[in-house]
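The structure under discussion appears below in the form of structure tokens.
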């Protein structure tokens, strides 16, 4: 069973803010819709190593942590940018409706 969640997405927003004297109460309309989704998990494991290595070599622990963290972070970045939303993939910004591709002719300045 996959974990699910429900979030809220804004539907409409109508500002009715006015300046008056004497002050009167204005009403703005804000509506939301509940949206169901499901959690995705990005995880990885290392190959088997004897427990004595974990106990005796803190530098290996640190190195392995950094490597595994980097692998997961790379996968999250890829999904956030280019995920297609199919199967277990997330929907990335390049595959989100309402975005427009803009061509550039120069490299960004750093």
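What to note about this one:
- Hydrodynamic radius of region 42-95 per Kirkwood, over alpha carbon pairs, in Å: 12.9
- The distance separating the Cα centre of region 9-30 from that of region 34-110 comes to 41 Å.
- Relative contact order, percent, region 42-95 [alpha-carbon distance under 8 Å, six or more residues apart]: 25
- Here is how the number arises for the chain: DSSP H runs of 4 or more residues each give -39500 (n - 2.57), the sum is divided by the residue count, and the result at 222 nm is -9500 deg cm²/dmol.
- The mean sequence separation of alpha-carbon pairs under 8 Å and at least six residues apart, normalised by the residue count of the chain, gives a relative contact order of 18 percent.
- Structure-derived Kirkwood radius over Cα pairs in Å - corresponding label in [x] 19.8; [y] 15.3; [z] 13.5: [x]
- Counting other Cβ atoms within 10 Å as a rough exposure proxy, the listed residues 40, 52 run 52, 40 from fewest neighbours to most.
- Fewest-first ranking of 8, 64, using other Cβ atoms within 10 Å as the exposure measure: 8, 64
- Angle in degrees between helix 58-82 and the longest Cα principal axis of the chain, rounded to the nearest 10: 40
- Between 79, 67, 58, the residue with the greatest mean-square fluctuation in the GNM of the chain (Cα pairs under 10 Å linked by springs) is 58.
- Ranked by the mean number of other Cβ atoms within 10 Å of their residues, highest first, the peptides 97-107, 68-78 come out as 68-78, 97-107.
Rule-based calculations on the coordinates, nothing more; no lab input. Quick caveat: nothing in here was measured; it's all calculated off a predicted structure. Cβ sites come from the backbone with ideal geometry, for glycine too, and all protein chains shown count toward neighbours.
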